[in-house]
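Before any comments, here is the structure.
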Amino acid sequence: MDLLNLDDHIPNLGIDPSDEHLEELYQLFKSDFIDNEFYFDGCKVIIDIRNSKEEGYEKYPHTFVKIITRGVKGKRCFDKKRANKIHWIKPILDNKDSEDVTCFQFLEADGKIRDYFWFKEGGFIVVMEKITPDYVIVTCFHIDDDKNQKYYNDKYEKRVK
């Protein structure tokens with residue numbers, strides 16, 4: 001799939017999604033990562049399918065909820081920009097070797113090395129961690145503004161060589 005043809009999935013998605021929109025987003029995620037095993041660099045991509053403990057999202061898997069929400073003051077809130085790009089995750093990973101995706105590893109403050117896959121044109125990052133023998137999707141998010149753009153550019157500059 002050509003990354004430059006990706007667009008938001010639900011054009012009129014609001015900041016408080018309807019049950020139907022939430023379910024539609026979940027079905028995309030489920031098809032890409034739960035119903036069909038996904039392998040990345042020869043490793044199985046593992047999804048935390050335990051039900052989320054976030055209020056209002058208890059019937060959905062933890063990884064899905066982590067992707068469609070953002071942490072705000074100790075609570076996770078729906079983030080329509082993240083959620084509306086949930087179908088971008090797999091194409092970004094599938095196209096990691098293209099010039100459209102900037103890939104790098106970063107040593108986090110907790111000592112973990114995480115892999116970043118940044119589709120700059122679309123302003124979207126997928127963060128994964130290798131937990132031998134598998135990969136885990138840690139999170140994905142939309143780059144909101146110039147401040148975040150600079151933050152991730154700085155991370156890229158300080159990447160693991």
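The values are calculated or read from the model by the stated rules, or taken from the named source; none is laboratory data. These numbers come from a predicted model, not from an experiment. Note that each Cβ is placed from the backbone with ideal geometry, even for glycine, and that neighbours are counted across all protein chains shown.
Scanning segment 102-137 for residues that are touching a residue at least 24 places away in the same chain (Cβ under 8 Å), assigned to a strand (DSSP E or B), over 16 Å from I67 (Cβ atoms) and touching a Lys or Arg at 6+ places or on another chain (Cβ under 8 Å) yields T102, F104, Q105, F106, I113, D134.
Scanning segment 138-152 for residues that are at pLDDT below 85 and closer than 12 Å to F124 by Cα turns up D144, D145. Suppose the filter is under 24 Å from L6 (Cβ atoms), under 17 Å from the mean Cα position of the chain (by Cα), surrounded by fewer than 19 Cβ atoms within 10 Å (Cβ to Cβ) and not aliphatic (A, V, I, L, M); does D94 pass it? Yes.
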